Amino acid sequence: MAGSRSVVDRDKQAQSNFDVDYVIHYSIPPKGSAEAEASFAQLITALSAVGFATEVRPGRLHRRHQGPSASSSPPSSLLVFVKLASDRLLTSQIYRARVQDWLYGVRPAAPAANPADDGSNEPVTQAERLRLAYMLITRPRNEGGAGVTPRRGQWRFVQSVFPLHDRAFNREWIGEWSRKYYLDDGDIDRIRDRFGERVAFYFAFLKSYFAFLLFPAAFGFAAWLVLGPFSWLYAVVNCLWSVVFFEHWKMKEVDLAVQWGVRGVSRIQHPRSQFRFEREAVDPVTGEIVKVYSPVKRLATQLLQVPFAAACVVALGGLIAGCFAIEIFITEVYNGPFKQYLTFLPTVLLTIFNPTLTTLLTRLAEKLTELENYETHDAHQASFVRKIFVINFITSYLGVFLTAFVYVPFGKLLVPYLDVFQLTAQRFTADGKPVPTKSWQIDPNRLTKQVIYFTVTAQIVNFATEVIVPYAKRKLFKRVEKVQSDLSEKTAVHTKDSPEEAEFLERVRDEAELDEYDVTIDYREMVIQFGYLSLFSVVWPLTACSFLVNNWVEARSDAMKIAANCQRPIPWRADSIGPWLGALGFLSWLGSLTSAALVFLFHSNSSISGSSGKTGGPDGSPWDIRAWALLLAILFAEHVYLVVQLVVRGLVRQLDSPGLQKERAERFAMRKRLLDRMAERGVSAEPAAGPGVGGGAEEEKITREALEEEARRLSVSGEGRPEQLFWLRQRSADETIQVGRALIAETTSSNQTGSRK
């Protein structure tokens, strides 16, 4: 019995986080220990000064120390555990944050004057506690925080600040989702309570996107059976669907922001510690001293986005176009030896150079965004996302665009130029003999094969590289480390963790080595996928069916990635999906243009070459394409799209939603509270009355003669100004009524007398 109880206790300890709020991963350099010790002392002092309790434990040995003497080497990092020392500190931080929300219009009413009362009336979620604790750690000292900024300045030894995973919740979360076919609002709310609104918005978007995919999947399957590819009816329905989904999500995110109490939270900007100001000036509105950076300099730096986009087109576009040309030459022109192996050459080249160029351009985008020097994290992130979208647009769609709008219409003109590959290969043949070739014809199925690859095969590869490969790599590294540790334990003795902490500390060391979770990567995948559906699904109507299956798996794999493959994310708040909303709108609009062009070019060749019944698109010669008709079809589709968008937007805004109902209810409750307060203070219960209203028995009876006498007295004594004398004619409302009645009676009597005459 005692043995089973000890097993249960150990299991609880393994699942428990020992009330830890955050872990600070502090690296120890191989040299300069005095500087590291001084910085560590400053770290603990800064944390304690703002109200954190701290504990330190040894971290994991660095790999460069691992070897025969690894166990006798000191740890290469420390784990600093921090938690809010008192509930009173947490309550004060909650009150401060909620007052700020009220001042910025996020909350409809001010929080209670007593922070304890406010905390009891509105429950505090794990996400809110962790967010406030993180802000207290990283907020500048002049704003009441510890001012810890990982990997920068005096805190360059601080590698990361991360919260610990809740193992029990993660196990329940993954298990429940793996058994459910469809996610509900309660699932999203639980994510919000644990990981914050920023992550919850991603899963809410994925949930709505999955639900909306049911219609294009069903219609696409019917179109694939009945209509076939390049159907104008499917193109119209698909464009209409993209408009409806885009406008619905714009309303949905507002609805969620209201339900979660974060609408307008983007107005509360968090300053970047990396911001470099030029001067300080007085804010003309608030009168406060603010840090200023020249907007002209920022604009000049932002203009560098134009050459950056051009560099992306040249570098990535050149690579993709070159591999595209090599692939066409090998698969459709070349007919010599080793062809079955050479067909993989373009794939190998793309696999080697595409990630390298993408990484270099991503770093360039980071540097360029740093040069733009934004004051806030949100502005910095929005600018970076726009640059990332340009890179991913090129890498994801350029190959299909080349096939659809270059290879097919201009094939006969461009293929002769591929002789450069034949001449190059001829140098490596024996005696310089010509390379065997075959007669070239356009592959009518090439475009469909490409779309199927990007919408099916690429999704599977992405799942493997995102979930399976990191998990397998981590398991392999742990196995190698365990073998090295077992070998070193035979020759060295080292300090072990306390038995009651050993399993917990080992788990923390594992989490410290995980990558940070970046929701931007998941947003990027979904937006790029939406682009394939909007731009090219007319080529293969089963695209939505593939994405429907993929996204069911994607929701579970992303949950697994957060729970097992990444550190627990900082629970930041958000009121939308950010700049990705603009990317969705752009792709939806562009889809109307490409769908019209693809249907015009590929639906039937009878209108182009005059041969009725021929399908498959142009035959490689641009002379048979009526350019004016193509441009007219694109312009017509765009204008129809814009009109439909306005109509759908108007209809969607007429719909009611729980969030909007909640907002109206909160406003009504606020007005009611204000009216009740006014009634209690007697403001509304006692109507304002001017002098003389009521005409009680004790009201002084003032005649016209008395008023004129008072006016003459003031005029003679010189005490009254004209303004005073004017308002002394009638001392009360009753007097005004009496004078008015007398004037009316006098006027009436005069009129009657005049009529008799």
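The values are calculated or read from the model by the stated rules, or taken from the named source; none is laboratory data. Bear in mind the structure is a predicted one, so any value in this text is a computation, not a measurement. All Cβ positions, even for glycine, are placed from backbone atoms using ideal geometry, and neighbour counts span all protein chains on display.
Details
- Every listed requirement among (1) surrounded by 13 or more Cβ atoms within 10 Å (Cβ to Cβ); (2) under 24 Å from N373 (Cα atoms) is met by R279 save one, (1).
- Failed condition for Q340, given (1) exposed (fewer than 12 other Cβ atoms within 10 Å of the Cβ); (2) of a type in the set (S, T, N, Q); (3) at pLDDT 75 or above: (3)
Yes/no matrix, rows are residues, columns are (1) at pLDDT 85 or above; (2) not in a helix (DSSP H, G or I):
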position: W589; (1), (2): yes, no
position: A596; (1), (2): yes, no
position: G617; (1), (2): no, yes
position: W623; (1), (2): no, no
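- Test result for V648, exposed (fewer than 15 other Cβ atoms within 10 Å of the Cβ), outside any loop (DSSP other than H, G, I, E, B) and either on the phi < 0 side of the Ramachandran plot or modelled with pLDDT under 85 (or both): no
- Selection status of I174, touching a residue at least 12 places away in the same chain (Cβ under 8 Å), more than 14 Å from R194 (Cβ to Cβ) and assigned to a helix (DSSP H, G or I): no
- The requirement of being of a type outside the set (A, V, I, L, M, F, W, C) and within 30 Å of A596 (Cα to Cα) is satisfied by G228.
- For the residues C312, C323, the requirement of being at pLDDT below 80 and surrounded by 15 or more Cβ atoms within 10 Å (Cβ to Cβ) singles out C323.
- Subset of region 79-94 (residues that are touching a residue at least 12 places away in the same chain (Cβ under 8 Å) and not aliphatic (A, V, I, L, M)): F81, K83, S86, T91, S92, Q93
- Residue that is farther than 30 Å from W260 by Cα and buried (at least 18 other Cβ atoms within 10 Å of the Cβ), where the choices are A217, A200, A222, A204: A217
- Qualifying residues in region 225-243 (those that are in a helix (DSSP H, G or I) and of a type in the set (G, A, S)) - the one surrounded by the fewest Cβ atoms within 10 Å (Cβ to Cβ): A235
- Filtering region 31-47 to residues that are over 20 Å from G145 (Cα atoms) and either in contact (Cβ under 8 Å) with a residue 12 or more places away in the chain or acidic (D, E) (or both) leaves E35, A36, E37.
- Yes/no for F246 being of a type in the set (F, W, Y) and either buried (at least 21 other Cβ atoms within 10 Å of the Cβ) or not in a helix (DSSP H, G or I) (or both): yes
- Among the residues of region 474-533, those that are farther than 28 Å from S16 by Cβ, of a type in the set (S, T, Y) and at pLDDT below 70 comprise S488, T491.
- Selection status of I442, at pLDDT 65 or above and in a helix (DSSP H, G or I): no
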